[in-house]
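Student: Before anything else, here's the structure in question.
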Amino acid sequence: MEFGEIVSVLLQGAIVTIKIVAMALPLATIMAFVFGLVRLYAPAPFKQVAIVYIEFFRGTSALIQLYWIYFVLPFFGITIDAMTAAVVALGLNIGSYGTEVVRGAIQAVPKGQYEASVALNFTASQRLWRVIMPQALVNMIPPFGNLAIELVKATSLVSLITIGDLTFKAKSLADTTLQVGEIFGVVLVFYFVMAQVLMLFIKRLEKYLSKGLGRGGFSS
Amino acid sequence: MSAPIIEFKNVKKCFGDTVIFSDFNFKVEENEIVSIIGPSGSGKSTLLRILMTLEGIDGGYINVAGESLWHMPWQGQYVPANSKHLHKMRNHLGMVFQHFNLFPHMTVKRNITEAPMRVKGVSRQDAEELAEKLLALVGLADKADSYPNDLSGGQKQRVGIARALAMKPSILLLDEITSALDPELVDEVLDVIRNLVKEESFTMLLVTHEMYFAREISDRVCFFDKGAIVEEGEPEIIFTAPKEERTKAFLNAYIGQS
């Protein structure tokens, strides 16, 4: 098989991978914020729900989670297509790690910031959204970047539930052509480029959000 | 004499097993400037933090401007205050912190305008005019668009004072506002307070280690030790002729240093 053809087949797979990332990443982010905030501020019963979600999705294999959602849930009458299953499984999985990022970043904002916002008589929600969160977001970006890259790499699991992603295309190409060196070489480069592009975007975001922060002394 | 603007009645405060106040009584009259001095760990900052509602109390009552701070009337009796009551009570109070606690993600101007706009509903234009006035007052008119991290410690603290003043509190709490500063920056901050009390009357409660400043600015000085006022009175008397041995020992240690 011509190298150009290999690249073009793999490119189709890469587009599927990008689609999954593009849908799972927002889901993971939403899960991370919702459950991260619930874990910190909600009444006890809600906190328990958050803890169960976090511990379950962090404590079990992402592949098995994927299998459950795609293969086992139909036995309980819930049938979802492979693409949705992939997005839900990966979004919930990465989101569970994200909750801890959100929580840690909020707790890392110096206590004096909270105290000053009380002294200025901000309401609880103003304290969180106007004072604490803008600073916490900056703390969150680097670990979120790592999770986003984890997500890109974890998408290769979806090849096991019949989705024609980059890994799936590569494996079927390799099985038929046996040109494993070229194929998996290109696959490596594709994943690497995706991660780099994502990282570039995250660096920009970090720079944008850290206006005024992280310059000079620690106390302010 | 009118009712005191601040009154502590039999206040109890503990941190775990550590008792800070066991039965604390204290009054401040309107427009009185009271300095609190004493060794660290004596409960000086805790007193201010309780007033600013940053720390709760474990017993007793506190009145601020004629209303209970930590309690509110409900069905004929007093119950612990809810957040709405605390929100109302905080309007009387403003605080300047030892470590400034400026919002690093906001410009100097926004540090000052944010609370008047969001909490009091002041228009942007009015809030910015006020901020400019206050920045001129603290000598930082040219720093409005800087970020806190680009300022020196003394400048940061002057912004901290302007930020607290922007909410027009009737009671100003100053918690060791020069303790985190290099010695040569202390006076630029203290001068702001000096000018402030010259122009307007304030009820001011300050915890400080600057003895000469306490002596010059206060109507009354309280010497604190182990959660109690050991001695209080006019500054001239406390600093020149203290009666209590503990006060003498504390002041001697300070004079020995400077």
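Student: Taking the options B:Glu210, B:Glu200, name whichever one is crowded, with 21+ Cβ neighbours inside 10 Å and at pLDDT below 95.
Tutor: Testing whether each residue is crowded, with 21+ Cβ neighbours inside 10 Å and at pLDDT below 95 leaves just B:Glu210.
Student: Related question: Within segment A:129-151, how many residues are closer than 16 Å to A:Val102 by Cα, touching a residue at least 24 places away in the same chain (Cβ under 8 Å) and open to solvent by less than 60 Å² (accessible area, probe 1.4 Å)?
Tutor: 15
Student: Okay, next question. Quick one: what pairs do we get from segment B:88-103, first residue more than 7 Å from chain A (Cβ to nearest Cβ), second open to solvent by 10 Å² or more (accessible area, probe 1.4 Å) and assigned to a strand (DSSP E or B), C-beta under 8 Å, 6+ apart or different chains?
Tutor: Listed pairs, sorted by first residue: B:Met89/B:Glu67; B:Val96/B:Asp175; B:Gln98/B:Asp175.
Student: Let me ask another. Filtering segment B:54-84 down to residues that are of a type in the set (Asp, Glu) and out of contact with any strand residue (DSSP E or B) (no Cβ under 6 Å at 6 or more places or on another chain), which residue is farthest from the other protein chains (Cβ to nearest Cβ)?
Tutor: It comes out as B:Glu67.
Student: When you scan segment B:201-246 for strands (runs of 3 or more DSSP E) that lie fully inside it, which ones turn up with 2 or more residues that are more than 26 Å from B:Glu188 (Cα to Cα)?
Tutor: Answer list for segment B:201-246: B:220-225, B:228-233.
Student: With respect to the numbered conditions (1) of a type in the set (Gly, Ala, Ser); (2) open to solvent by 10 Å² or more (accessible area, probe 1.4 Å); (3) in contact (Cβ under 8 Å) with a residue 24 or more places away in the chain; (4) farther than 19 Å from B:Met167 by Cα, which one is the sole condition not fulfilled by B:Gly76?
Tutor: Only one criterion is unmet by B:Gly76, namely (3).
Student: Moving to a separate point now. Of (1) assigned to a loop (DSSP other than H, G, I, E, B); (2) within 14 Å of chain A (Cβ to nearest Cβ), B:Leu172 satisfies all except one. Which?
Tutor: Looking at each condition in turn, B:Leu172 falls short on (1).
Student: I've got another one for you. Quick one: how many residues across segment B:27-43 are on the phi < 0 side of the Ramachandran plot and either open to solvent by less than 10 Å² (accessible area, probe 1.4 Å) or aliphatic (A, V, I, L, M) (or both)? Quick ask: steps written out before the conclusion?
Tutor: Restricting attention to segment B:27-43, the residues satisfying the condition of being on the phi < 0 side of the Ramachandran plot are B:27-30, B:32-37, B:39-40, B:42.
Within this subset, residues satisfying the condition of being either open to solvent by less than 10 Å² (accessible area, probe 1.4 Å) or aliphatic (A, V, I, L, M) (or both) are B:28, B:33-37, B:42.
Qualifying residue count for the region: 7.
Student: Something else now. Looking at (1) surrounded by 18 or more Cβ atoms within 10 Å (Cβ to Cβ); (2) in contact with a Gly (Cβ under 8 Å, 6 or more places away or on another chain); (3) of a type in the set (Gly, Ala, Ser), find the lone condition where B:Ala3 falls short.
Tutor: Against the list (1) surrounded by 18 or more Cβ atoms within 10 Å (Cβ to Cβ); (2) in contact with a Gly (Cβ under 8 Å, 6 or more places away or on another chain); (3) of a type in the set (Gly, Ala, Ser), B:Ala3 comes up short only on (1).
Student: Being away from chain B (no Cβ under 14 Å) and either open to solvent by 20 Å² or more (accessible area, probe 1.4 Å) or more than 25 Å from the chain's Cα centre (by Cα) (or both) is the requirement here; does A:Val101 meet it?
Tutor: yes
Student: Give the residue that is farthest from A:Leu160 (Cα to Cα), with candidates limited to residues of segment A:44-65 that are of a type outside the set (A, V, I, L, M) and open to solvent by 80 Å² or more (accessible area, probe 1.4 Å).
Tutor: So the residue we want is A:Pro45.
Student: If I filter segment A:84-100 for residues that are at pLDDT below 95 and among the small types (Gly, Ala, Ser), do I get at least one hit?
Tutor: no
Student: If you don't mind, there's one more thing I want to ask. Looking at B:Asp182, B:Asp145, which one is touching a Ser or Thr at 6+ places or on another chain (Cβ under 8 Å), within 14 Å of another protein chain (Cβ to nearest Cβ) and charged (D, E, K, R)?
Tutor: B:Asp145
Student: Among the residues of segment A:146-182, write down those that are farther than 17 Å from A:Phe192 by Cα and of a type in the set (Ser, Thr, Tyr).
Tutor: A:Ser159, A:Thr162, A:Ser172, A:Thr176, A:Thr177
Student: Within segment A:165-213, restricting attention to residues that are within 14 Å of another protein chain (Cβ to nearest Cβ) and surrounded by 15 or more Cβ atoms within 10 Å (Cβ to Cβ), which residue is nearest to the chain's Cα centre (by Cα)? Walk me through how you get there before you give the answer.
Tutor: Going through segment A:165-213, the residues within 14 Å of another protein chain (Cβ to nearest Cβ) turn out to be A:206-213.
This time we only want the ones that are surrounded by 15 or more Cβ atoms within 10 Å (Cβ to Cβ), so: A:206, A:209-213.
Working: A:Glu206: 16, A:Leu209: 19, A:Ser210: 21, A:Lys211: 24, A:Gly212: 27, A:Leu213: 25 Å.
In this case the residue turns out to be A:Glu206.
The values are calculated or read from the model by the stated rules, or taken from the named source; none is laboratory data. Here the structure is a predicted model, which means the values were calculated and not measured. Note: ideal-geometry Cβ built from the backbone for every residue, glycine included; neighbour counts use all protein chains shown. These accessible areas exclude ligands, DNA and RNA; they are computed on the full protein's heavy atoms, side chains included. Shrake-Rupley method; radii C 1.70, N 1.55, O 1.52, S 1.80 Å.
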